[in-house]
1. Pick out the one residue from A:SER203, A:SER210 that is among the hydroxyl-bearing types (Ser, Thr, Tyr) and more than 23 Å from A:ALA82 (Cα to Cα).
2. Which of the residues belonging to the stretch A:46-60 are touching a residue at least 12 places away in the same chain (Cβ under 8 Å) and more than 8 Å from chain B (Cβ to nearest Cβ)?
3. Only one of (1) of a type in the set (S, T, N, Q); (2) touching an Asp or Glu at 6+ places or on another chain (Cβ under 7 Å); (3) surrounded by fewer than 18 Cβ atoms within 10 Å (Cβ to Cβ) fails for A:THR13. Which number is that?
4. Exactly one condition in (1) on the phi > 0 side of the Ramachandran plot; (2) basic (Lys, Arg); (3) more than 11 Å from chain B (Cβ to nearest Cβ) is false for A:ARG102; which is it?
5. Looking at (1) more than 10 Å from chain B (Cβ to nearest Cβ); (2) closer than 19 Å to B:PRO77 by Cα, which is the only condition A:SER25 fails?
6. Going through the stretch A:52-100 one residue at a time, which ones are polar (S, T, N, Q) and part of a loop (DSSP other than H, G, I, E, B)?
7. Kindly check whether there is at least one residue in the stretch A:159-169 that is under 13 Å from the mean Cα position of the chain (by Cα) and more than 22 Å from A:LEU5 (Cβ to Cβ).
8. Looking at A:ARG169, is it closer than 23 Å to A:HIS42 by Cα, in contact with a Pro (Cβ under 9 Å, 6 or more places away or on another chain) and charged (D, E, K, R)?
Amino acid sequence: MASMLPFVQSASTKDGRERVPVFVSLMQVGHALVWHGVVQPHIDAAAEPRADKGWDWRILRTMFPLAEVLRRRRCYGYSVFALDRHNMVSAAPVGMVLLIERYPYLANPSQDSTFVWFLSAAPAEALKSFDGIPLSLGGVLLDIAITTSINTGTEGRIALHCAPAGGPRLLKFYEKNGLARLPEAIALPAPWENDGRYFHADSTIAARLSAAYNPYREPWKG
Amino acid sequence: MAQEPARAPAREPAHTKESGGKVPVGLVLSELATLFIGKNEQELSRMVYEGTLAQHFERIDFDSHPILYSTKPAEGPPTDEEFEHFLRGRN
């Protein structure tokens, strides 16, 4: 097997002062069940607009990949777990992402990309019982998509749709994380309209974003 | 306090019924009922009907939950075999 770009093995705290060990795992049904029972209620109760309110990862994890099989595309999810720095045994789910491999690249449909279908990061409230440290996870989840794109031969290209339910805050989040906005005038390789809320990273942007996470790919050393 | 490492190898699936190579929708659904909470579909339906499923989740202790012990880090995109197991809910 060709050597793979590893996923991150640590994540920054929101204030950027510390790191926490994390690991990325192919999403199990159990992860989705734990997320739905333990993390999703905090998301649903959040005061601020969140695109992932009301999501059911049990359905996303099981049904959506099957739907993509019918389109002959591989769709799968990754779960991100944070490990307790003190014992390196306890773990808590802190992020979920569902990807589609080899999806037509929105900015140039003659090329393939990784499409980020669903992405959800645990809110700080859900982490209070676990080390109590808010983590910066959105960028980690995007890096998982870019890493997958690199490892599947699509040069880091990714694309996603910013759900309107996320409001202006979510648009700012993707812009802040370095993604480019797809001009509204560009037609999508799909039978629906471009609402101006699509984002993408070409191989150049992806290389820059991926390099920023290289220090986090090193094994955790405490 | 849990004693097992979080990255122990995955457990063997509880059963190995094959689906004949077809898209295993029913199998995946049945895994929902059995993989995580060790209940069969009838028991799960009863818990949903009685509204006791949420209480089950409230009792989850991350230090001892076996799902986390069967979780191993991904080293790259799933192989074809791993992806098939993923679709079946058996990864």
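1. Values: A:SER210 fails: more than 23 Å from A:ALA82 (Cα to Cα).
Criteria check complete, one pass: A:SER203.
2. At the first step, the residues of the stretch A:46-60 found to be touching a residue at least 12 places away in the same chain (Cβ under 8 Å) are A:46, A:48-53, A:55-58, A:60.
Result: A:ALA46, A:GLU48, A:PRO49, A:ARG50, A:ALA51, A:ASP52, A:LYS53, A:TRP55, A:ASP56, A:TRP57, A:LEU60.
3. (2)
4. (3)
5. Going through (1) more than 10 Å from chain B (Cβ to nearest Cβ); (2) closer than 19 Å to B:PRO77 by Cα one by one, A:SER25 breaks only (1).
6. Taking the stretch A:52-100 and keeping what is polar (S, T, N, Q), we get A:62, A:79, A:87, A:90.
Across the stretch A:52-100, the qualifying residues are A:ASN87, A:SER90.
7. Filtering the stretch A:159-169 down to residues under 13 Å from the mean Cα position of the chain (by Cα) leaves A:159-162.
Still in the list and also more than 22 Å from A:LEU5 (Cβ to Cβ): A:161-162.
Yes - at least one qualifying residue is present in the stretch A:159-169.
8. Yes: the conditions hold for A:ARG169.
The values are calculated or read from the model by the stated rules, or taken from the named source; none is laboratory data. Please read all numbers here as calculations on a predicted model, not as lab measurements. All Cβ positions, glycine included, derive from the backbone under ideal geometry; neighbour counts span all protein chains shown.
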